[in-house]
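What follows is a single structure, written as structure tokens, with notes after it.
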Ligand SMILES: Cc1ncc(C[n+]2csc(CCOP(=O)(O)OP(=O)(O)O)c2C)c(N)n1
Ligand SMILES: [Mg+2]
């Protein structure tokens, strides 16, 4: 293990996988000569050359489907979408093509594409540069959706995503890019399993299920709550689809209270799925209504961003309101 | 098209200086942290919006880009309220919701800057479609960079506009860069005019000289107004600064930056005006001072405006 930053951990994961498997290549806008818009591929062009680190024109639909075609013919593309907002331009590629190619063609093709993209607010970048759209992808059968919260996790999960034979939507968070933390060395080759959650903090009064940046806000919230004698357990889903029911349900069976927190707009977010599944399957374990934390139902705001993006305070309030209530 | 009159040349000069001073001011206040988010300036590219918008009136629509301040100013946006918008204040045209990247003024046909590359091109086509549909003589102008011509949105809009002979002009500011990569990464052709060939859309490429652009744009706008269909106009220009303010441009190299900055459409025009005895030095100085004061006033106005309240966040999402 060594100290690194989230963004370098992404680079290391890609580099190690490109070293390991010559079919792995990176494609996207400014990934090559410029080293990536956020610097995620710095040095890879110099090391692997223009054949494997492919700069594209501004053509998200074209190069994402191109990756699908290449993957169907044996390559393992990593597609970088500069901001998650721009993936909307490639939705046909991901939703109609990539997600369905295997199933629709009678399992003849495998399409091991990883589409990486950073989501989220924090830069006051406004309505078209701040969105969290993970639930869109989780709603499409055939895709896996991964969200990493720490340098260690982003590295291990990205390596797993690249090795996975299914298409994976790999979601980073812009405000986490600079985050420092430990990550595994190349020799240790840590590959974290997809579909497995991680209990980031043990607790006994309430379960907070979350992912990505909101893991950190939830941990902050847990600290605040601790001072008031409330013990929160923080479950980092890490994979949104398929999500780890077992870990979540075991935690709820212990705490009997559930809060789901994400940065995305609350309505129809992944929190709704978790809450609904809990209500369907472990209602008898719950002592109080399930609470959700998410952004208000409005486009991301330029000048009101600090009120728009959910924070630890919102998690604290949600926890308190579930604790005040009973079924 | 006759050559622009002395008065018009003076107006061109004034407009170009206004755009430059607005953006220089924006860079300053942005660097001081007075405005948040991303800021993309078009310094060095003032000639194109000035020349094209000189042919437009308030009923004509334009769609602009992330690098669209110049277009908004040239189309006639009120600087005070534009500045308030960039400051994120509720007195701004978009209630402080847009900032630089989505600046719009529906009242004079500024259909918005766009955070999505190519996003505004078919929207301008839609405005042209509406003009045709309603049998007005309004025209629409889509403005975009050469990088945007990689997007399907550009090609789909061109195809549709050509088929329906929409009253519009595609204006491409080819500044040689799209974010951190040079034109060669984005296009196999030298000029965007080659792309127009495929759609049978008349296209011309001009240098970054305001009068030259004015004349070429005049013909394109005339065609659109007369129902003769769309045209494409490419302006070969240079991006002086980084992709956004704060971009260190390591990918570009100092020499190339200096080369770009040596080409100044305003300084060149100024020299021509003096040489041709169109205007005297002291009149230019007066214009500079007046425009400077106007921009200063706009910033002071924006500073005094108020931020929207959290309670306004959900307002107007639906009609
Ligand atoms: C759909 C989409 N893809 C990528 C981006 C990121 N991006 C913003 S500006 C830009 C370059 C645009 O280049 P060009 O069209 O030449 O305009 P210029 O910046 O030179 O004015 C890119 C890639 C975006 N905003 N939207
Ligand atoms: Mg450009």
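Residue B:119 - would you say it is in contact (Cβ under 8 Å) with a residue 24 or more places away in the chain and within 16 Å of ligand 2 (Cβ to nearest atom)?
Criteria met by residue B:119.
Out of A:25, A:63, I need the residue that is more than 14 Å from chain B (Cβ to nearest Cβ) and modelled with pLDDT of 95 or more. Which one?
A:25
Across region A:262-282, what is the total count of residues that are part of a helix (DSSP H, G or I) and surrounded by 21 or more Cβ atoms within 10 Å (Cβ to Cβ)?
Looking only at that region, the number is 4.
Could you pull out every one of the strands (runs of 3 or more DSSP E) wholly within region A:154-227 that has 2 or more residues that are surrounded by fewer than 23 Cβ atoms within 10 Å (Cβ to Cβ)?
Output list reads A:180-183, A:198-201.
So, in region A:78-109, of the ones that are more than 11 Å from residue A:68 (Cβ to Cβ) and more than 14 Å from chain B (Cβ to nearest Cβ), which residue ends up nearest to ligand 2 (Cβ to nearest atom)?
A:78
Tell me yes or no: at least one residue of region B:146-167 is over 27 Å from residue B:248 (Cα atoms) and within 15 Å of ligand 2 (Cβ to nearest atom).
Yes, the conditions are met somewhere in region B:146-167.
Within region B:225-235, is even one residue at pLDDT 95 or above, within 16 Å of ligand 1 (Cβ to nearest atom) and closer than 30 Å to residue B:248 by Cα?
Looking for residues that are at pLDDT 95 or above, within 16 Å of ligand 1 (Cβ to nearest atom) and closer than 30 Å to residue B:248 by Cα, one finds at least one in region B:225-235, hence yes.
Considering only region B:43-72, state which residues are within 16 Å of ligand 1 (Cβ to nearest atom), in a loop (DSSP other than H, G, I, E, B) and more than 12 Å from residue B:100 (Cα to Cα).
If the condition is that a residue be within 16 Å of ligand 1 (Cβ to nearest atom), in a loop (DSSP other than H, G, I, E, B) and more than 12 Å from residue B:100 (Cα to Cα), then B:43, B:44, B:45, B:46 are the ones that fit.
When only residues in region A:286-314 that are under 16 Å from residue B:36 (Cβ atoms) and free of Cβ contacts under 8 Å to residues at least 60 places away in the same chain count, which is farthest from the other protein chains (Cβ to nearest Cβ)?
Checked region A:286-314; the qualifying residue farthest from the other protein chains (Cβ to nearest Cβ) is A:306.
The values are calculated or read from the model by the stated rules, or taken from the named source; none is laboratory data. Only a predicted model underlies this, so the values are computations on that prediction, with no experimental measurement involved. FYI the Cβ positions are ideal-geometry reconstructions off the backbone, even for glycines, and counts take in every protein chain you see.
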